[in-house]
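Asks: Here you go, one structure.
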Amino acid sequence: MNYPLYLDYNATTPCDKKVLEGMLPYFTLDFGNASSEHHPYGWVAKEAIEDATLHISSLLKIDEKEIIYTSGSTESINAVLKGVYRKLKHKGNQILTVKTEHKATLDVCEYLQEEGADVTYLDVDGNGLIDLNALALAISDNTLIVSVMYANNETGVIQPMEAIAKICKQKNTLLFSDATQAIGKIPLDNFFSWVDFACFSAHKIYGPKGIGFTFAKLESQASLQSFIQGGGQQRKLRGGTYNTPAIVGMAKAIALSCQNLEAERNRLSNLRNQLEEGLSLIEEATINGKKSDRLCNTLNISFEYVDGQQLLAALSRNIAVSNGSACNSAAINPSHVLTAMGIGRNLALSTLRISLGKYTTEEDIQKAILIITKEVAKQRASNLLWDRR
Ligand code: PLP
């Protein structure tokens, strides 16, 4: 397969070779089950998990008991929202979230509505940000949990999490934040003091797929019902055999993501800005979320008079990028994130999400600018509306 240039790092990242090397022994020689208490196979696996947990907790400055391993952020989102709702529903039934959350959160909220939850979906402004006054007003005695993602996977827009946390504390409400896109791109120094729960996925930071963890603050764990029962692992909060190689790999990936975070952030924002400047030279191009604080690696850009599906199809030979639209067999729907920001259906459909990562070079950026500029012009050349505009 002749792969195109990869600029879709928010979707997933390649596993770092150092991560893979660290994982390999736990597939073969050290393959034991960490719950096997009676022989060295189990002891070695258990020690590997304990070391990885200690490593993650010291890197993120959290307690080891605040880490609950899961298969990734989707599972963590299910675990937190369903776990809190089911444990606390005698106290109220409101869940507060935002229209621009990842589908994993929106789908779980929709599911919980069938169990009786009253879900309030907060609006965002044209820059993708929630209104803090609206959040404060929406929280009531009936509110069980507020769920706001830290950084958006499509636009990169970063929500003011510290201020959101302040409001939740004042109102005595639990706060969950999907930080899947934040880790490795934003320093998380104070983040864990702000939130009660958070979720992470290793495959966004050059770790393996199918592993992540829920951060559950010690004092908030009483509000969480166990989500997967069986075997009693993880203090009965999440049953199932520990995925030793993946946990070891995730610890390594987190360690690598913390190294040179500031330098890598600067490098990526420089590259992203070059890309943004280059593509802004295209007529009638709009950068979405430009006025907000954004992830250093993400560019979300819309082009008028271009068919987004055709553009993506044409680009896919040379560059792997994405748009946020959801495809089902009958129709293509524009991104719910962009429409919530007030962007019209057609323009939302003519949007690219370009996300850079640690293997992106300046040469890649120049190449991407050339290819996208050429392809947009080509699409417009065959669009009568472009001439008549
Ligand atoms: N939340 C955000 C913001 C994401 O970007 C993703 C992945 O695309 C998820 C949740 C789901 O993560 P996973 O697929 O690892 O379960």
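Asks: From zero outward in steps of 10 Å, how is the percent of C-alpha pairs of the range 13-161 spread across the bins?
Replies: 9, 27, 29, 20, 13, 2
Asks: Based on DSSP H runs of at least 4 residues, each adding -39500 (n - 2.57), what is the mean residue ellipticity at 222 nm of the chain after dividing by all its residues, to the nearest 500 deg cm²/dmol? Walk me through the intermediate numbers first.
Replies: Working: 14 runs with 155 residues, N = 389.
So the helix-based figure for the chain works out to -12000 deg cm²/dmol.
Asks: Working only with C-alpha atoms, what are the Rg and Dmax values of the chain, expressed in angstrom?
Replies: 21.8, 78
Asks: If you don't mind, there's one more thing I want to ask. Could you tell me how many cubic angstrom of Cα convex hull volume the range 174-311 has per residue? Before the final figure, lay out each step's value.
Replies: Working: hull volume 22.5 nm³, N = 138.
Taking only Cα atoms, the range 174-311 has a hull volume of 163 Å³ per residue.
Asks: A further question follows. Of all DSSP beta bridges located in the range 79-183, what percent are antiparallel, nearest 5?
Replies: 15 percent
Asks: Quick check: net charge around Leu144, other residues with Cβ under 13 Å of its Cβ, Lys/Arg +1 and Asp/Glu -1? Provide the component values of the computation, followed by the final result.
Replies: Details: positive: Lys82, Arg86, Lys87, Lys89, Lys91, Lys171; negative: Glu115, Asp118, Asp141, Asp196.
Local net charge: +2.
Asks: Find which of Leu24, Thr12, Thr53 sits farthest along the positive direction of the dipole of the range 1-87, computed with +1 on the beta-carbon of Lys and Arg, -1 on that of Asp and Glu, about the Cα centre.
Replies: Thr12
Asks: Going down the table (Lys89/Lys217; Lys103/Lys378; Lys185/Lys374), which pairs top 24 Å between alpha carbons?
Replies: Details: Lys89/Lys217 20 Å; Lys103/Lys378 33 Å; Lys185/Lys374 31 Å.
Table pairs above 24 Å Cα-Cα are Lys103/Lys378; Lys185/Lys374.
Asks: For Lys103 and Ala11, compute 0.36 nm times the residue count separating them, minus their Cα-Cα distance, and round to one decimal in nm.
Replies: Numbers: separation 92, 0.36 × 92 = 33.12 nm, distance 1.33 nm.
That pair, Lys103 and Ala11, stretches by 31.8 nm at full extension.
Asks: Another one. Sorted by mean Cβ packing within 10 Å, highest first, what order do the peptides 31-43, 141-153 take?
Replies: Details: 31-43: 13.8, 141-153: 22.6.
Those peptides, ordered most packed to least, come out 141-153, 31-43.
Asks: Please go through the range 240-311 and write out the GluC sites (Glu not before Pro) that DSSP classes as loop and that have at most 14 other C-beta atoms within 10 Å. Walk me through the intermediate numbers first.
Replies: Values: sites: Glu262, Glu264, Glu276, Glu277, Glu283, Glu284, Glu304; in loops: Glu283, Glu284, Glu304.
Filter output for the range 240-311: Glu283.
Asks: Can you compute the charge dipole magnitude of the chain about its Cα centre, using +1 on each Lys and Arg Cβ and -1 on each Asp and Glu Cβ, nothing else charged? Give it in debye, rounded to the nearest 20. Don't jump to the answer; show the numbers that get you there.
Replies: Numbers: 39 positive and 42 negative charges, 39 e Å.
Rounded to the nearest 20 debye, it is 180 debye.
Asks: Might you report the magnitude of the Cβ-based charge dipole of the range 183-240 about its Cα centre, with Lys and Arg at +1 and Asp and Glu at -1, to the nearest 20 debye?
Replies: Working: 7 positive and 3 negative charges, 52 e Å.
Here the range 183-240 has a charge dipole of around 240 debye.
Asks: A further question on this structure: Any chance you could give the angle, 0 to 90 degrees and rounded to 10, that helix 261-280 forms with the longest Cα principal axis of the chain?
Replies: 20 degrees
Asks: OK, next. Starting with the highest mean, order 196-204, 84-92 by the number of other Cβ atoms within 10 Å, averaged over the residues of each peptide.
Replies: On the way: 196-204: 27.4, 84-92: 16.0.
The densest-packed peptide leads the list: 196-204, 84-92.
Asks: I'm checking a number: the convex hull volume of the Cα atoms of the range 57-134, normalised per residue, in Å³. What is it? Before the final figure, lay out the partial values.
Replies: Numbers: hull volume 11.4 nm³, N = 78.
Hull volume normalised by residue count: 146 Å³.
Asks: List the residues, sorted by chain then number, that are 5 or more residues from Asn288 or on another chain and whose placed amide H is less than 5 Å from its amide H.
Replies: Counting only residues 5 or more places away or on other chains, the set is Asn300, Ile301, Ser302.
Asks: Quick check: pseudo-label points 7 Å beyond the Cα along Cα→Cβ at Lys171 and Thr373, how many nm apart are they?
Replies: Using points 7 Å along Cα→Cβ, the separation is 4.7 nm.
Asks: Between Gln221 and Glu114, what length in nm is gained on full extension when 0.36 nm per residue of separation is reduced by their alpha carbon distance? Walk me through the intermediate numbers first.
Replies: Values: separation 107, 0.36 × 107 = 38.52 nm, distance 2.46 nm.
Gain in length upon complete extension: 36.1 nm.
Asks: Out of all DSSP beta bridges in the range 17-258, what portion is antiparallel? Express it as a percent rounded to 5.
Replies: Percent antiparallel among DSSP bridges in the range 17-258 is about 40.
Asks: Please report the net charge: other residues with Cβ closer than 10 Å to the Cβ of Pro160, K and R +1, D and E -1. Mind dumping the intermediate values first?
Replies: Numbers: positive: Lys166; negative: Glu162, Asp293.
Net charge around Pro160: -1.
Asks: Please give the net charge around Asp131, taking every other residue with its beta carbon less than 10 angstrom from that of Asp131, where Lys and Arg add +1 and Asp and Glu add -1. Numbers along the way, then the final one.
Replies: On the way: positive: none; negative: Asp123, Asp125.
That sum, taken over residues with Cβ under 10 Å, equals -2.
Values quoted throughout were computed directly from the atomic coordinates according to the rules given, and no laboratory measurement underlies them. Just so it is clear, the model here is predicted, and its values are computed rather than measured. Here the Cβ is made from the backbone with ideal geometry for all residues, glycine too, and neighbour counts use every protein chain on show.
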